[in-house]
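Notes for the one structure printed next.
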Amino acid sequence: MNSFFSAMRSTLSSFLGVQSEKQREEDFTNGKPIHFIASGLILAAAFVVVVMLVVEGVLALAQK
Amino acid sequence: METRKNILRGSLFGALTMPSAAFAEWGLNMPVGVTEISRSVFSLHMTIFWVCVAIAVVVFGVMFYSMFHHRKSRGAKSAHFHENTTVEVIWTIIPVAILVAMAVPSAATLIEMYDPSDAEIDVQITGYQWKWKYDYLDEEVSFFSNLSTSRDAIYNAEQKGENYLLEVDKHLVLPVDTKIRFLLTANDVIHSWWVPDLAVKKDAIPGFINESWTIIEKPGIYRGQCTELCGKDHGYMPVVVEAVSKEDYAAWVATIKAEAAAKADLAGKTWTLDELMTEGEQVYLKACAACHMPNGEGLPGAFPALKNSPIAVGDVAAHIDIVVNGKPGTAMQAYKDQLSAVEMAAVITYERNAWGNNTGEAVTPNQIADMSWDMDRLMTVGEEVYGKACAACHQPNGQGIPGAFPGLVGTDIVMGDIGAHIDIVVNGKAGSAMQAFKDQLSPEEIAAVVTYERNAWGNNVGDSVKPSTVASWNGGEK
Ligand SMILES: [Cu+2]
(Lines give C-alpha, C1' and ligand atoms only; values in the text may rest on other atoms or scores of the structure.)
Protein backbone atom coordinates (compact mmCIF):
# COMPACT_ATOMS: atom_id res chain seq x y z
CA MET A 1 0.00 0.00 0.00
CA ASN A 2 2.78 2.34 0.92
CA SER A 3 4.45 1.63 -2.38
CA PHE A 4 1.20 2.55 -4.19
CA PHE A 5 1.04 6.03 -2.65
CA SER A 6 4.68 6.50 -3.40
CA ALA A 7 3.92 5.61 -7.04
CA MET A 8 1.02 8.08 -6.99
CA ARG A 9 3.34 10.80 -5.73
CA SER A 10 5.89 10.08 -8.43
CA THR A 11 3.22 10.08 -11.14
CA LEU A 12 1.96 13.43 -9.90
CA SER A 13 5.48 14.84 -10.00
CA SER A 14 5.84 13.54 -13.53
CA PHE A 15 2.73 15.54 -14.49
CA LEU A 16 4.62 18.61 -13.31
CA GLY A 17 7.89 17.38 -14.82
CA VAL A 18 9.95 17.70 -11.63
CA GLN A 19 11.29 14.81 -9.50
CA SER A 20 13.80 14.59 -6.69
CA GLU A 21 16.72 12.17 -6.89
CA LYS A 22 15.73 10.53 -3.59
CA GLN A 23 12.24 9.72 -4.79
CA ARG A 24 13.59 8.41 -8.09
CA GLU A 25 15.82 5.92 -6.28
CA GLU A 26 12.90 4.88 -4.10
CA ASP A 27 10.79 4.27 -7.24
CA PHE A 28 13.40 2.05 -8.78
CA THR A 29 14.12 0.00 -5.66
CA ASN A 30 10.68 -0.58 -4.12
CA GLY A 31 8.28 0.42 -6.95
CA LYS A 32 5.97 -2.10 -8.65
CA PRO A 33 5.10 -1.51 -12.34
CA ILE A 34 1.40 -2.22 -11.76
CA HIS A 35 1.24 0.65 -9.26
CA PHE A 36 2.66 3.09 -11.79
CA ILE A 37 0.28 1.92 -14.51
CA ALA A 38 -2.72 2.19 -12.17
CA SER A 39 -1.80 5.60 -10.81
CA GLY A 40 -1.06 6.81 -14.36
CA LEU A 41 -4.55 5.79 -15.51
CA ILE A 42 -6.26 7.21 -12.42
CA LEU A 43 -4.44 10.53 -12.57
CA ALA A 44 -4.92 10.88 -16.34
CA ALA A 45 -8.65 10.36 -15.84
CA ALA A 46 -8.63 12.84 -12.98
CA PHE A 47 -6.82 15.35 -15.18
CA VAL A 48 -9.45 15.01 -17.90
CA VAL A 49 -12.22 15.50 -15.36
CA VAL A 50 -10.50 18.58 -13.92
CA VAL A 51 -10.09 20.12 -17.40
CA MET A 52 -13.77 19.44 -18.13
CA LEU A 53 -14.83 21.01 -14.87
CA VAL A 54 -12.69 24.08 -15.49
CA VAL A 55 -14.18 24.51 -18.99
CA GLU A 56 -17.71 24.03 -17.65
CA GLY A 57 -17.00 26.52 -14.89
CA VAL A 58 -15.59 29.11 -17.27
CA LEU A 59 -18.54 28.71 -19.66
CA ALA A 60 -21.00 28.98 -16.78
CA LEU A 61 -19.29 32.19 -15.67
CA ALA A 62 -19.45 33.53 -19.22
CA GLN A 63 -23.20 32.87 -19.51
CA LYS A 64 -23.86 35.56 -16.94
CA MET B 1 20.97 55.52 -47.38
CA GLU B 2 19.20 58.22 -45.43
CA THR B 3 15.80 56.67 -46.23
CA ARG B 4 17.09 53.25 -45.23
CA LYS B 5 18.06 54.61 -41.87
CA ASN B 6 14.71 56.30 -41.50
CA ILE B 7 12.89 53.10 -42.30
CA LEU B 8 15.00 51.22 -39.80
CA ARG B 9 14.47 53.83 -37.15
CA GLY B 10 10.78 53.94 -38.01
CA SER B 11 10.36 50.21 -37.77
CA LEU B 12 12.14 50.05 -34.43
CA PHE B 13 10.02 52.87 -33.20
CA GLY B 14 6.91 51.23 -34.65
CA ALA B 15 7.66 47.90 -33.08
CA LEU B 16 8.07 49.47 -29.69
CA THR B 17 5.02 51.67 -29.58
CA MET B 18 1.36 50.89 -29.37
CA PRO B 19 -0.78 50.97 -32.58
CA SER B 20 0.39 53.86 -34.67
CA ALA B 21 0.19 54.86 -38.29
CA ALA B 22 3.52 53.17 -38.77
CA PHE B 23 1.89 49.76 -38.40
CA ALA B 24 -0.58 50.35 -41.18
CA GLU B 25 2.06 51.65 -43.54
CA TRP B 26 4.68 49.02 -43.05
CA GLY B 27 2.53 46.18 -41.88
CA LEU B 28 4.81 45.39 -38.95
CA ASN B 29 2.03 44.46 -36.64
CA MET B 30 -1.37 42.86 -37.04
CA PRO B 31 -4.15 45.34 -37.84
CA VAL B 32 -6.41 46.70 -35.13
CA GLY B 33 -9.31 45.97 -37.45
CA VAL B 34 -12.86 47.22 -37.58
CA THR B 35 -14.77 44.96 -35.21
CA GLU B 36 -15.04 44.69 -31.46
CA ILE B 37 -13.52 41.21 -31.65
CA SER B 38 -10.61 42.35 -33.79
CA ARG B 39 -9.86 45.09 -31.26
CA SER B 40 -9.85 42.69 -28.36
CA VAL B 41 -7.72 40.25 -30.36
CA PHE B 42 -5.30 43.10 -31.01
CA SER B 43 -5.14 44.14 -27.38
CA LEU B 44 -4.65 40.52 -26.29
CA HIS B 45 -1.85 40.29 -28.79
CA MET B 46 -0.21 43.43 -27.43
CA THR B 47 -0.66 42.33 -23.80
CA ILE B 48 0.93 38.99 -24.48
CA PHE B 49 3.65 40.62 -26.52
CA TRP B 50 4.58 42.82 -23.55
CA VAL B 51 4.43 39.84 -21.18
CA CYS B 52 6.90 38.09 -23.47
CA VAL B 53 9.11 41.17 -23.56
CA ALA B 54 9.11 41.34 -19.75
CA ILE B 55 9.99 37.64 -19.47
CA ALA B 56 12.74 38.03 -22.03
CA VAL B 57 14.21 41.01 -20.18
CA VAL B 58 14.23 39.13 -16.87
CA VAL B 59 15.55 35.82 -18.25
CA PHE B 60 18.19 37.28 -20.53
CA GLY B 61 19.02 39.92 -17.90
CA VAL B 62 19.80 37.23 -15.33
CA MET B 63 21.67 35.21 -17.94
CA PHE B 64 23.87 38.04 -19.19
CA TYR B 65 24.45 39.35 -15.68
CA SER B 66 25.58 35.90 -14.53
CA MET B 67 27.82 35.41 -17.53
CA PHE B 68 29.40 38.79 -17.00
CA HIS B 69 29.66 38.78 -13.23
CA HIS B 70 30.88 35.21 -12.85
CA ARG B 71 33.28 35.27 -15.78
CA LYS B 72 36.36 33.10 -15.85
CA SER B 73 38.84 35.99 -15.84
CA ARG B 74 37.51 36.90 -12.42
CA GLY B 75 38.28 33.43 -11.18
CA ALA B 76 34.72 32.10 -11.16
CA LYS B 77 34.43 28.33 -10.83
CA SER B 78 31.46 26.45 -12.21
CA ALA B 79 29.30 24.67 -9.65
CA HIS B 80 28.74 20.94 -10.13
CA PHE B 81 25.41 20.21 -8.49
CA HIS B 82 22.95 17.89 -10.14
CA GLU B 83 19.50 18.88 -8.96
CA ASN B 84 17.62 21.40 -6.90
CA THR B 85 14.00 20.42 -6.57
CA THR B 86 12.92 23.73 -5.04
CA VAL B 87 14.31 25.78 -7.92
CA GLU B 88 12.80 23.38 -10.44
CA VAL B 89 9.39 23.62 -8.80
CA ILE B 90 9.61 27.42 -8.81
CA TRP B 91 10.54 27.64 -12.45
CA THR B 92 7.67 25.35 -13.31
CA ILE B 93 5.07 27.11 -11.17
CA ILE B 94 5.85 30.63 -12.39
CA PRO B 95 5.25 29.91 -16.10
CA VAL B 96 2.07 28.02 -15.21
CA ALA B 97 0.88 31.04 -13.25
CA ILE B 98 1.72 33.35 -16.18
CA LEU B 99 -0.08 31.07 -18.65
CA VAL B 100 -3.16 30.94 -16.47
CA ALA B 101 -3.08 34.72 -16.08
CA MET B 102 -2.99 35.07 -19.87
CA ALA B 103 -5.71 32.46 -20.35
CA VAL B 104 -8.24 34.50 -18.39
CA PRO B 105 -8.63 37.42 -20.85
CA SER B 106 -8.10 35.08 -23.86
CA ALA B 107 -10.91 32.80 -22.74
CA ALA B 108 -13.27 35.75 -22.52
CA THR B 109 -12.51 36.75 -26.12
CA LEU B 110 -12.59 33.17 -27.39
CA ILE B 111 -16.00 32.54 -25.89
CA GLU B 112 -17.32 35.62 -27.59
CA MET B 113 -15.75 34.61 -30.92
CA TYR B 114 -17.48 31.25 -30.76
CA ASP B 115 -20.94 32.65 -30.14
CA PRO B 116 -22.66 33.16 -33.49
CA SER B 117 -26.14 33.34 -31.96
CA ASP B 118 -28.65 36.04 -32.94
CA ALA B 119 -27.08 36.64 -36.33
CA GLU B 120 -29.25 38.61 -38.72
CA ILE B 121 -27.60 37.44 -41.94
CA ASP B 122 -26.22 34.01 -42.81
CA VAL B 123 -23.57 33.69 -45.48
CA GLN B 124 -22.32 30.28 -46.54
CA ILE B 125 -18.73 30.39 -47.73
CA THR B 126 -17.45 27.49 -49.83
CA GLY B 127 -13.81 27.08 -50.78
CA TYR B 128 -13.04 25.75 -54.25
CA GLN B 129 -9.74 25.19 -56.00
CA TRP B 130 -9.13 28.21 -56.35
CA LYS B 131 -11.96 30.60 -55.70
CA TRP B 132 -14.62 31.30 -53.11
CA LYS B 133 -18.35 30.86 -53.43
CA TYR B 134 -20.69 33.01 -51.36
CA ASP B 135 -24.31 32.02 -50.70
CA TYR B 136 -26.49 34.57 -48.92
CA LEU B 137 -28.84 32.02 -47.40
CA ASP B 138 -31.64 34.45 -46.53
CA GLU B 139 -31.62 36.15 -49.90
CA GLU B 140 -31.06 33.25 -52.29
CA VAL B 141 -28.19 35.24 -53.71
CA SER B 142 -25.18 33.20 -54.71
CA PHE B 143 -22.01 33.85 -56.68
CA PHE B 144 -18.39 32.93 -57.17
CA SER B 145 -15.59 35.35 -56.42
CA ASN B 146 -12.56 34.94 -58.68
CA LEU B 147 -9.14 36.55 -58.62
CA SER B 148 -9.19 39.50 -61.01
CA THR B 149 -5.46 40.21 -61.24
CA SER B 150 -4.54 39.65 -64.89
CA ARG B 151 -2.21 36.83 -65.90
CA ASP B 152 -0.01 39.42 -67.56
CA ALA B 153 0.53 41.16 -64.23
CA ILE B 154 1.32 37.82 -62.61
CA TYR B 155 3.89 36.95 -65.27
CA ASN B 156 5.47 40.42 -65.23
CA ALA B 157 4.26 41.32 -68.71
CA GLU B 158 2.32 44.18 -67.18
CA GLN B 159 2.74 46.58 -64.27
CA LYS B 160 1.50 45.08 -61.01
CA GLY B 161 -1.37 47.08 -59.51
CA GLU B 162 -1.84 48.30 -55.96
CA ASN B 163 -3.93 45.30 -54.89
CA TYR B 164 -1.91 42.73 -56.76
CA LEU B 165 -3.33 39.23 -56.03
CA LEU B 166 -5.73 40.77 -53.50
CA GLU B 167 -8.50 41.77 -55.92
CA VAL B 168 -11.53 39.82 -57.11
CA ASP B 169 -14.27 40.21 -59.70
CA LYS B 170 -17.14 40.11 -57.17
CA HIS B 171 -16.83 41.38 -53.61
CA LEU B 172 -18.53 39.81 -50.63
CA VAL B 173 -20.82 42.76 -49.88
CA LEU B 174 -21.97 43.01 -46.26
CA PRO B 175 -23.87 45.64 -44.26
CA VAL B 176 -22.21 47.41 -41.32
CA ASP B 177 -23.53 47.21 -37.74
CA THR B 178 -25.23 43.89 -38.45
CA LYS B 179 -24.37 40.54 -36.94
CA ILE B 180 -23.38 38.26 -39.81
CA ARG B 181 -22.84 34.54 -39.38
CA PHE B 182 -20.45 32.74 -41.70
CA LEU B 183 -20.93 29.04 -42.39
CA LEU B 184 -17.73 27.71 -43.85
CA THR B 185 -17.17 24.57 -45.87
CA ALA B 186 -15.21 23.43 -48.91
CA ASN B 187 -15.87 21.59 -52.11
CA ASP B 188 -12.58 19.82 -52.70
CA VAL B 189 -9.72 20.20 -50.22
CA ILE B 190 -9.29 22.15 -46.98
CA HIS B 191 -9.17 25.91 -47.42
CA SER B 192 -9.22 28.63 -44.80
CA TRP B 193 -11.02 31.94 -44.97
CA TRP B 194 -9.12 34.81 -43.42
CA VAL B 195 -9.80 38.54 -43.22
CA PRO B 196 -7.38 40.17 -40.73
CA ASP B 197 -9.43 43.36 -40.31
CA LEU B 198 -12.39 41.31 -39.11
CA ALA B 199 -10.25 38.94 -37.03
CA VAL B 200 -12.03 36.06 -38.74
CA LYS B 201 -9.90 33.10 -39.72
CA LYS B 202 -11.61 29.78 -40.06
CA ASP B 203 -10.91 26.51 -41.83
CA ALA B 204 -13.25 25.51 -44.64
CA ILE B 205 -13.33 21.71 -44.61
CA PRO B 206 -15.13 19.43 -47.09
CA GLY B 207 -18.04 17.70 -45.36
CA PHE B 208 -17.97 19.97 -42.31
CA ILE B 209 -19.60 23.28 -41.55
CA ASN B 210 -17.60 25.67 -39.37
CA GLU B 211 -19.19 28.75 -37.90
CA SER B 212 -17.89 32.22 -37.33
CA TRP B 213 -19.39 35.69 -37.18
CA THR B 214 -18.66 39.39 -37.38
CA ILE B 215 -20.18 42.81 -36.84
CA ILE B 216 -18.33 45.29 -39.04
CA GLU B 217 -18.32 48.81 -37.67
CA LYS B 218 -16.87 50.81 -40.52
CA PRO B 219 -17.72 50.81 -44.24
CA GLY B 220 -14.73 49.96 -46.39
CA ILE B 221 -12.90 47.29 -48.36
CA TYR B 222 -11.18 44.58 -46.33
CA ARG B 223 -8.86 42.13 -48.00
CA GLY B 224 -7.75 38.67 -46.99
CA GLN B 225 -6.55 35.37 -48.33
CA CYS B 226 -6.87 31.62 -48.21
CA THR B 227 -4.60 30.48 -45.40
CA GLU B 228 -4.62 26.73 -45.83
CA LEU B 229 -2.23 25.40 -48.44
CA CYS B 230 -4.72 24.06 -50.98
CA GLY B 231 -2.80 23.33 -54.14
CA LYS B 232 -1.12 25.04 -57.04
CA ASP B 233 -3.02 28.35 -57.01
CA HIS B 234 -3.47 28.63 -53.25
CA GLY B 235 -2.04 32.15 -53.43
CA TYR B 236 -4.55 33.13 -56.10
CA MET B 237 -7.81 32.93 -54.16
CA PRO B 238 -8.05 36.17 -52.18
CA VAL B 239 -11.02 37.36 -50.17
CA VAL B 240 -12.43 40.86 -50.59
CA VAL B 241 -15.12 42.04 -48.19
CA GLU B 242 -16.93 45.27 -49.00
CA ALA B 243 -18.76 46.70 -46.00
CA VAL B 244 -21.51 49.19 -46.89
CA SER B 245 -24.32 50.97 -45.10
CA LYS B 246 -27.52 49.01 -44.49
CA GLU B 247 -29.35 50.99 -47.18
CA ASP B 248 -26.63 50.37 -49.74
CA TYR B 249 -26.69 46.70 -48.84
CA ALA B 250 -30.44 46.47 -49.43
CA ALA B 251 -29.99 48.23 -52.77
CA TRP B 252 -27.18 45.88 -53.73
CA VAL B 253 -29.27 42.81 -52.91
CA ALA B 254 -32.12 44.19 -55.01
CA THR B 255 -29.87 44.77 -58.04
CA ILE B 256 -28.18 41.41 -57.88
CA LYS B 257 -31.54 39.66 -57.54
CA ALA B 258 -32.96 41.56 -60.50
CA GLU B 259 -29.95 40.55 -62.58
CA ALA B 260 -30.37 36.92 -61.60
CA ALA B 261 -34.09 37.01 -62.38
CA ALA B 262 -33.44 38.50 -65.81
CA LYS B 263 -30.96 35.73 -66.53
CA ALA B 264 -33.28 33.02 -65.27
CA ASP B 265 -36.04 34.35 -67.53
CA LEU B 266 -33.80 33.86 -70.48
CA ALA B 267 -32.21 30.57 -69.64
CA GLY B 268 -34.61 28.67 -67.46
CA LYS B 269 -38.14 29.65 -68.36
CA THR B 270 -39.98 27.89 -71.15
CA TRP B 271 -42.21 30.37 -72.93
CA THR B 272 -45.54 29.29 -74.38
CA LEU B 273 -46.87 30.80 -77.59
CA ASP B 274 -49.57 32.65 -75.62
CA GLU B 275 -47.10 34.20 -73.22
CA LEU B 276 -44.91 35.31 -76.09
CA MET B 277 -47.92 36.78 -77.92
CA THR B 278 -49.04 38.79 -74.88
CA GLU B 279 -45.57 40.12 -74.20
CA GLY B 280 -44.97 40.60 -77.93
CA GLU B 281 -48.03 42.75 -78.49
CA GLN B 282 -46.86 45.17 -75.83
CA VAL B 283 -43.36 45.37 -77.22
CA TYR B 284 -44.77 45.84 -80.72
CA LEU B 285 -47.00 48.72 -79.69
CA LYS B 286 -44.18 50.37 -77.84
CA ALA B 287 -41.31 49.88 -80.28
CA CYS B 288 -42.63 49.06 -83.75
CA ALA B 289 -46.17 50.36 -84.23
CA ALA B 290 -45.01 53.92 -84.89
CA CYS B 291 -43.74 52.81 -88.30
CA HIS B 292 -45.36 49.46 -89.05
CA MET B 293 -48.71 50.62 -87.61
CA PRO B 294 -50.71 48.83 -84.93
CA ASN B 295 -52.57 46.82 -87.57
CA GLY B 296 -49.30 45.69 -89.16
CA GLU B 297 -50.14 47.33 -92.46
CA GLY B 298 -47.32 49.86 -92.40
CA LEU B 299 -47.34 53.12 -94.35
CA PRO B 300 -47.13 52.34 -98.03
CA GLY B 301 -44.10 53.94 -99.61
CA ALA B 302 -42.34 54.51 -96.29
CA PHE B 303 -42.68 51.55 -93.94
CA PRO B 304 -43.49 48.10 -95.24
CA ALA B 305 -46.48 46.12 -94.06
CA LEU B 306 -45.69 43.12 -91.88
CA LYS B 307 -49.06 41.56 -92.47
CA ASN B 308 -48.35 38.82 -94.99
CA SER B 309 -44.87 40.21 -95.65
CA PRO B 310 -42.39 37.72 -97.16
CA ILE B 311 -40.16 37.93 -94.12
CA ALA B 312 -42.82 37.86 -91.42
CA VAL B 313 -44.43 34.71 -92.78
CA GLY B 314 -41.28 33.33 -94.43
CA ASP B 315 -37.85 32.31 -93.20
CA VAL B 316 -37.54 32.64 -89.40
CA ALA B 317 -33.80 33.26 -89.54
CA ALA B 318 -34.26 36.23 -91.86
CA HIS B 319 -36.95 37.59 -89.58
CA ILE B 320 -34.76 37.28 -86.50
CA ASP B 321 -31.84 38.78 -88.38
CA ILE B 322 -33.60 41.95 -89.52
CA VAL B 323 -34.92 42.63 -86.00
CA VAL B 324 -31.66 41.80 -84.20
CA ASN B 325 -29.33 43.48 -86.65
CA GLY B 326 -31.63 45.93 -88.46
CA LYS B 327 -31.14 46.86 -92.09
CA PRO B 328 -28.31 49.33 -92.52
CA GLY B 329 -29.17 52.40 -94.52
CA THR B 330 -32.88 52.21 -93.76
CA ALA B 331 -35.09 53.35 -90.92
CA MET B 332 -35.17 49.73 -89.68
CA GLN B 333 -32.72 49.83 -86.76
CA ALA B 334 -30.88 47.03 -85.02
CA TYR B 335 -32.80 46.16 -81.85
CA LYS B 336 -30.18 43.98 -80.20
CA ASP B 337 -29.03 46.76 -77.89
CA GLN B 338 -32.49 48.20 -77.29
CA LEU B 339 -34.56 45.13 -76.49
CA SER B 340 -33.77 42.10 -74.35
CA ALA B 341 -33.67 38.64 -75.93
CA VAL B 342 -37.04 37.90 -74.34
CA GLU B 343 -38.58 41.04 -75.82
CA MET B 344 -37.17 40.34 -79.27
CA ALA B 345 -38.39 36.74 -79.19
CA ALA B 346 -41.82 37.93 -78.10
CA VAL B 347 -42.21 40.63 -80.73
CA ILE B 348 -41.05 38.35 -83.53
CA THR B 349 -43.45 35.64 -82.41
CA TYR B 350 -46.18 38.27 -82.31
CA GLU B 351 -45.46 39.45 -85.84
CA ARG B 352 -45.52 35.88 -87.12
CA ASN B 353 -48.94 35.21 -85.61
CA ALA B 354 -50.86 38.50 -85.51
CA TRP B 355 -53.07 40.03 -88.18
CA GLY B 356 -53.79 36.68 -89.77
CA ASN B 357 -50.11 35.78 -90.25
CA ASN B 358 -50.83 32.66 -88.21
CA THR B 359 -47.61 30.75 -88.84
CA GLY B 360 -48.06 29.07 -85.45
CA GLU B 361 -44.33 29.42 -84.86
CA ALA B 362 -42.90 30.57 -81.55
CA VAL B 363 -39.41 32.03 -81.42
CA THR B 364 -37.65 31.41 -78.10
CA PRO B 365 -35.33 33.85 -76.33
CA ASN B 366 -32.61 31.22 -76.67
CA GLN B 367 -32.88 31.32 -80.47
CA ILE B 368 -32.27 35.03 -80.31
CA ALA B 369 -29.38 34.64 -77.94
CA ASP B 370 -27.80 31.99 -80.18
CA MET B 371 -28.05 34.35 -83.17
CA SER B 372 -25.72 36.77 -81.51
CA TRP B 373 -23.12 34.06 -80.80
CA ASP B 374 -21.28 33.45 -84.03
CA MET B 375 -17.97 31.61 -84.23
CA ASP B 376 -15.88 34.77 -83.83
CA ARG B 377 -17.66 35.86 -80.69
CA LEU B 378 -17.56 32.34 -79.22
CA MET B 379 -13.81 32.15 -79.81
CA THR B 380 -13.07 35.60 -78.40
CA VAL B 381 -15.15 35.14 -75.29
CA GLY B 382 -14.01 31.51 -75.04
CA GLU B 383 -10.39 32.54 -74.84
CA GLU B 384 -11.21 35.00 -72.04
CA VAL B 385 -13.19 32.43 -70.08
CA TYR B 386 -10.47 29.84 -70.59
CA GLY B 387 -7.84 32.21 -69.18
CA LYS B 388 -10.01 32.99 -66.17
CA ALA B 389 -11.47 29.59 -65.32
CA CYS B 390 -9.40 26.81 -66.87
CA ALA B 391 -5.83 27.90 -67.59
CA ALA B 392 -4.74 27.51 -63.97
CA CYS B 393 -4.99 23.74 -64.40
CA HIS B 394 -4.98 23.06 -68.14
CA GLN B 395 -2.40 25.83 -68.80
CA PRO B 396 -2.74 28.73 -71.24
CA ASN B 397 -1.33 26.63 -74.10
CA GLY B 398 -3.69 23.73 -73.39
CA GLN B 399 -0.81 21.42 -72.52
CA GLY B 400 -1.94 20.76 -68.94
CA ILE B 401 0.47 19.60 -66.25
CA PRO B 402 1.47 15.98 -66.80
CA GLY B 403 0.39 13.75 -63.97
CA ALA B 404 -2.01 16.31 -62.52
CA PHE B 405 -4.13 18.07 -65.12
CA PRO B 406 -4.62 16.59 -68.59
CA GLY B 407 -3.65 18.49 -71.71
CA LEU B 408 -6.53 19.43 -74.00
CA VAL B 409 -4.67 19.22 -77.29
CA GLY B 410 -5.80 16.38 -79.55
CA THR B 411 -7.49 14.37 -76.77
CA ASP B 412 -10.45 12.02 -77.38
CA ILE B 413 -12.93 14.23 -75.60
CA VAL B 414 -11.84 17.49 -77.13
CA MET B 415 -11.53 16.11 -80.67
CA GLY B 416 -14.42 13.66 -80.41
CA ASP B 417 -18.08 13.68 -79.39
CA ILE B 418 -19.10 17.23 -78.60
CA GLY B 419 -21.70 15.96 -76.11
CA ALA B 420 -19.06 14.37 -73.90
CA HIS B 421 -17.05 17.58 -74.06
CA ILE B 422 -20.00 19.75 -73.03
CA ASP B 423 -20.90 17.28 -70.31
CA ILE B 424 -17.53 17.22 -68.55
CA VAL B 425 -17.47 21.03 -68.43
CA VAL B 426 -21.11 21.39 -67.34
CA ASN B 427 -21.14 18.55 -64.80
CA GLY B 428 -17.47 18.08 -64.03
CA LYS B 429 -15.95 14.70 -63.32
CA ALA B 430 -16.75 13.43 -59.84
CA GLY B 431 -13.75 12.53 -57.75
CA SER B 432 -11.34 14.61 -59.80
CA ALA B 433 -10.24 18.23 -59.69
CA MET B 434 -12.42 18.85 -62.74
CA GLN B 435 -15.33 20.75 -61.19
CA ALA B 436 -18.85 21.19 -62.51
CA PHE B 437 -18.90 24.63 -64.10
CA LYS B 438 -22.68 24.90 -64.48
CA ASP B 439 -23.02 27.08 -61.39
CA GLN B 440 -19.92 29.11 -62.07
CA LEU B 441 -20.22 30.05 -65.71
CA SER B 442 -23.22 31.17 -67.77
CA PRO B 443 -24.42 28.96 -70.67
CA GLU B 444 -22.90 31.52 -73.02
CA GLU B 445 -19.52 31.26 -71.30
CA ILE B 446 -19.57 27.46 -71.32
CA ALA B 447 -20.56 27.39 -75.00
CA ALA B 448 -17.73 29.79 -75.73
CA VAL B 449 -15.04 27.96 -73.77
CA VAL B 450 -15.96 24.55 -75.22
CA THR B 451 -15.92 26.02 -78.73
CA TYR B 452 -12.59 27.62 -77.94
CA GLU B 453 -11.04 24.37 -76.74
CA ARG B 454 -12.25 22.54 -79.84
CA ASN B 455 -10.67 25.06 -82.15
CA ALA B 456 -7.61 26.46 -80.37
CA TRP B 457 -4.04 25.13 -80.26
CA GLY B 458 -4.40 23.39 -83.62
CA ASN B 459 -7.39 21.29 -82.52
CA ASN B 460 -9.37 22.88 -85.38
CA VAL B 461 -12.38 20.58 -85.03
CA GLY B 462 -14.45 23.29 -86.72
CA ASP B 463 -17.69 22.82 -84.78
CA SER B 464 -19.22 25.17 -82.25
CA VAL B 465 -21.69 25.09 -79.36
CA LYS B 466 -24.76 27.28 -79.01
CA PRO B 467 -25.61 28.75 -75.58
CA SER B 468 -29.10 27.24 -75.79
CA THR B 469 -27.62 23.73 -76.07
CA VAL B 470 -25.74 24.32 -72.84
CA ALA B 471 -28.71 25.97 -71.12
CA SER B 472 -30.84 22.89 -71.71
CA TRP B 473 -28.02 20.41 -71.08
CA ASN B 474 -29.27 18.70 -67.94
CA GLY B 475 -32.85 18.91 -69.16
CA GLY B 476 -32.77 22.62 -68.34
CA GLU B 477 -32.04 21.86 -64.69
CA LYS B 478 -29.44 23.97 -63.01
CU1 LIG C 1 -7.56 27.61 -50.67
Which one of B:LEU408, B:LEU441 is in contact (Cβ under 8 Å) with a residue 24 or more places away in the chain, more than 30 Å from B:VAL141 (Cα to Cα) and open to solvent by less than 30 Å² (accessible area, probe 1.4 Å)?
B:LEU408
Which residue out of B:GLU211, B:GLU139, B:GLU217, B:GLU162 is of a type outside the set (Lys, Arg), more than 16 Å from the ligand (Cβ to nearest atom), free of Cβ contacts under 8 Å to residues at least 24 places away in the same chain and more than 14 Å from chain A (Cβ to nearest Cβ)?
B:GLU162
Could we say that B:VAL176 is free of Cβ contacts under 8 Å to residues at least 60 places away in the same chain and among the hydrophobic types (A, V, I, L, M, F, W, C) here?
no
Examine the range B:110-132 for a residue that is out of contact with any Asp or Glu (no Cβ under 7 Å at 6 or more places or on another chain), of a type in the set (Gly, Ala, Ser), loosely packed, with under 15 Cβ neighbours inside 10 Å and over 24 Å from B:PHE437 (Cα atoms), and state whether such a residue exists.
yes
Does the range B:245-261 contain any residue that is at pLDDT 95 or above, in contact with a strand residue (DSSP E or B) (Cβ under 8 Å, 6 or more places away or on another chain) and not in a helix (DSSP H, G or I)?
yes
Looking only at the range B:172-205, count how many residues are over 24 Å from B:GLY27 (Cβ atoms), of a type in the set (Val, Ile, Thr), in a strand (DSSP E or B) and within 15 Å of the ligand (Cβ to nearest atom).
1
Conditions (1) more than 12 Å from chain A (Cβ to nearest Cβ); (2) at pLDDT below 90; (3) more than 16 Å from the ligand (Cβ to nearest atom) -> B:ALA108 fails only (1)
Does at least one position in the range B:241-257 carry a residue that is within 30 Å of B:ALA354 (Cα to Cα), more than 15 Å from the ligand (Cβ to nearest atom) and either open to solvent by less than 70 Å² (accessible area, probe 1.4 Å) or under 19 Å from the mean Cα position of the chain (by Cα) (or both)?
no
Filtering the range B:384-395 down to residues that are surrounded by fewer than 18 Cβ atoms within 10 Å (Cβ to Cβ) and within 19 Å of the chain's Cα centre (by Cα) yields B:GLU384, B:GLY387, B:ALA391
Looking only at the range B:224-234, how many residues end up being surrounded by fewer than 17 Cβ atoms within 10 Å (Cβ to Cβ) and more than 9 Å from the ligand (Cβ to nearest atom)?
1
For the range A:16-58, which residues satisfy the criterion of being closer than 20 Å to B:ILE111 by Cα and surrounded by 12 or more Cβ atoms within 10 Å (Cβ to Cβ)?
A:VAL54, A:VAL58
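Out of everything in the range B:47-100 that is under 49 Å from the mean Cα position of the chain (by Cα) and within 14 Å of chain A (Cβ to nearest Cβ), what residue ends up being most open to solvent (accessible area, probe 1.4 Å)?
Our first condition is that a residue be under 49 Å from the mean Cα position of the chain (by Cα); within the range B:47-100, this holds for B:47-57, B:95-100.
Right, trim to within 14 Å of chain A (Cβ to nearest Cβ) and you get B:95-97, B:99-100.
Numbers: B:PRO95: 58, B:VAL96: 75, B:ALA97: 58, B:LEU99: 110, B:VAL100: 85 Å².
This residue is B:LEU99.
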Here the residues within the range A:1-35 that are among the β-branched types (Val, Ile, Thr) and under 13 Å from B:GLU83 (Cβ atoms) are A:VAL18
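The values are calculated or read from the model by the stated rules, or taken from the named source; none is laboratory data. Computed from a predicted structure; not experimentally measured. Using ideal geometry, Cβ is built from the backbone for each residue, glycine included, and neighbour counts are taken over all protein chains shown. Surface accessibility is based on the protein's heavy atoms, side chains included, excluding ligands, DNA and RNA. Shrake-Rupley method; radii C 1.70, N 1.55, O 1.52, S 1.80 Å.
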